[in-house]
Amino acid sequence: MISIIVPTYNERENLEELVSRISKALEGYEFEIIIVDDDSPDKTWEKAQELAQKYPVRVIRRTKEKGLSSAVIRGFKEARGDIFVVMDADLQHPPEVIPRLIEAIESGADIAIGSRYVKGGKVENWYWWRKLISKGAIMIGRVALPKIRNIKDPVSGFFALRRGVVENVKLNPVGFKILLEILIKGKYSRVVEVPYAFGLRHAGESKLSQKQIFNYLRHLYRLMKWEGEIDRLIKFSIVGMSGIVVNQFFLWLFANILGGGIANLMIANFFATELAILNNFTWNDLWTFRDLKNKPLYRRLFSFHLAALSGAVVQWVIFGALVYLGMHYLIANLIGIGFSFIVRFLVNRHITWG
């Protein structure tokens, strides 16, 4: 039994074509189409009730709740199927791809994602700024949440999953990106991405807004907190502060030993940075990333050096430039450390203790 869950709001004009194409695509399958409508002013729910006379459509009209993600969760609760498929009603998710998603699940995947960004997938006729927002959102998500870093389209709204992935899982997403919530909290082992062409909206208006962008960032923060990544970032920051003390002290010491001049200050900065690296590795290995020791010590230390030195390149470039411009060397060094912090954390989280 396949349950197709379609959250709707003002999609009346698209509904008949959508249901017809789903039914044609799923000939030979036992299926149901669950329309979860948020009391649309254009009476999408009414049109869905009409279609239920001809097609296996179930209609849920919500008058008190709003939001795509909560509509999908309501659909999960009402679904009778063993496999759930989630898709939008605007026909940008082609119903003809649904059998390929189902085949991926039947072949052993727990989640099958309709992906725009794997080989064979594409986005048709988007303005450059929409592509930039989409790619930027994915990049931020993959960096912020290491669990999904190998998934090309973790914000897709078109996907299938086994019932067991979300059964008895408390989902509480913010905004549109319900798949992100499932990928972080769901019970699964294998994810497959199925390419498809993301097409033009057939009718109606896009739901993208500044509020949705803000909600996406809020959602990422909440998932990072749930995963423990915020706590890890705080610990990394505390260790980094201890490294600043080590760095600043030895920079002052070596600068006084070697004397002034930009060349001597750069040499002093190099050795002070190396001592700070060793300090930071020790505390991060014992505290920040103590649950992620998947590599031998020597490899972690080597990777940490590479990560730290990549951040140090940023630090040294900024330090040298600011000193050249006349800034005091201790202040210049602090600014350089600040810019390199993010580089150090991300590389270490994804590589050294990835």
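Short to long, the 10 Å bins of the Cα pair-distance histogram for the chain hold 5, 21, 25, 18, 13, 10, 5, 2, 0 percent of all pairs. Taking amide hydrogens as placed 1.01 Å from N in the peptide plane, the amide H of Gly114 sits under 5 Å from those of Phe158, Phe159, Ala160, Val194, each at least 5 positions away in sequence or on another chain. Ligands, DNA and RNA are left out, and with a 1.4 angstrom probe the accessible area of the chain is 49 Å² per residue.
From its DSSP helices (H runs of at least four residues, each -39,500 (n - 2.57)), the chain gives a residue-normalised ellipticity at 222 nm of -17500 deg cm²/dmol.
Think of region 70-169 as having a plus end and a minus end, set by charges on the Cβ of Lys, Arg, Asp and Glu; of Phe76, Gly157, Leu145, Leu145 sits farthest toward the positive end of this dipole.
Can you run phi through the Karplus equation (6.51, -1.76, 1.60; θ = phi - 60°) for region 257-263 and list ³J(HN,Hα) in whole Hz, with x for Gly and Pro? Residue by residue, region 257-263 yields 6, 7, x, x, x, 5, 5 Hz.
What separates the Cα centres of region 109-179 and region 309-331 is a distance of 39 Å. For region 68-141, the Kirkwood radius over C-alpha pairs fed into Stokes-Einstein at 25 °C and 0.890 mPa s yields D = 169 µm² per second. In order along region 339-350, the phi-based Karplus estimate (6.51 cos²θ - 1.76 cosθ + 1.60, θ = phi - 60°) of 3J(HN,Hα) comes to 5, 7, 4, 5, 4, 4, 5, 5, 5, 5, 5, 8 Hz; Gly and Pro are listed as x.
Please compute, over every Cα-Cα pair in region 189-331, the percentage with a separation greater than 24 angstrom.
When every Cα pair of region 189-331 is considered, 55 percent fall beyond 24 Å.
If you place +1 on the Cβ of every Lys and Arg and -1 on the Cβ of every Asp and Glu, how big does the dipole about the Cα centre of region 221-298 come out, in debye to the nearest 20?
Charge dipole, region 221-298, about its Cα centre: 180 debye, nearest 20.
Each of the peptides 185-195, 323-333 was scored by the mean count of other Cβ atoms within 10 Å over its residues; in descending order, highest first, they stand as 185-195, 323-333. Backbone phi angles across region 122-128, fed through the Karplus curve with coefficients 6.51, -1.76 and 1.60 (θ = phi - 60°), yield HN-Hα couplings of 6, 10, 9, 6, 9, 5, 4 Hz in residue order; Gly and Pro are listed as x.
Of all the accessible heavy-atom surface of the chain, with the other protein chains kept in place and a 1.4 Å probe, what percent is carbon and sulfur? Ligands and nucleic acids excluded, carbon and sulfur reach 59 percent. Among Ile238, Ile262, Ile73, the residue with the largest mean-square fluctuation in a Gaussian network model of the chain, with springs joining Cα atoms closer than 10 Å, is Ile262.
The local environment of Ile60, defined by Cβ-Cβ distances under 9 Å, has a net charge of +2 under the rule Lys, Arg +1 and Asp, Glu -1. Over the C-alpha atoms of region 249-317, the Rg to Rh ratio, Rh being the Kirkwood estimate, stands at 1.08. The trypsin sites (Lys or Arg not before Pro) of region 251-300 that DSSP puts in a loop, and whose beta carbon has at most 13 other beta carbons within 10 Å, are Arg290, Lys293. Remark on Met87: its backbone amide H falls under 5 Å from those of Ile5, a criterion applied only to residues 5 or more positions apart or on other chains, H modelled at 1.01 Å from N. Dipole orientation for the chain: of the candidates Ile184, Ile351, Ala263, Ala263 has the Cα lying most toward the positive pole (charges on Cβ; Lys, Arg +1; Asp, Glu -1). Taken about its Cα centre, region 211-354 carries a charge dipole of about 540 debye when Lys and Arg each add +1 at the Cβ and Asp and Glu each add -1 at the Cβ.
Under a model in which nothing but the beta-carbon of Lys, Arg (+1) and Asp, Glu (-1) is charged, the chain shows a dipole of about 820 debye around its Cα centre. DSSP beta bridges fully contained in the chain are about 25 percent antiparallel.
Here the contact order of region 60-183, divided by its residue count and restricted to Cα pairs under 8 Å and six or more residues apart, works out to 37 percent. Across the chain, the mean sequence separation of Cα contacts (distance under 8 Å, 6 or more residues apart), normalised by length, yields a relative contact order of 14 percent.
The values are calculated or read from the model by the stated rules, or taken from the named source; none is laboratory data. A quick note: this is a predicted structure, and the numbers were derived from the prediction, not measured. Methodologically, a virtual Cβ is constructed for each residue, glycine included, from the backbone with ideal geometry; neighbour enumeration extends over all protein chains shown. Protein only, heavy atoms only, side chains kept; ligands, DNA and RNA dropped before computing areas. Shrake-Rupley method; radii C 1.70, N 1.55, O 1.52, S 1.80 Å.
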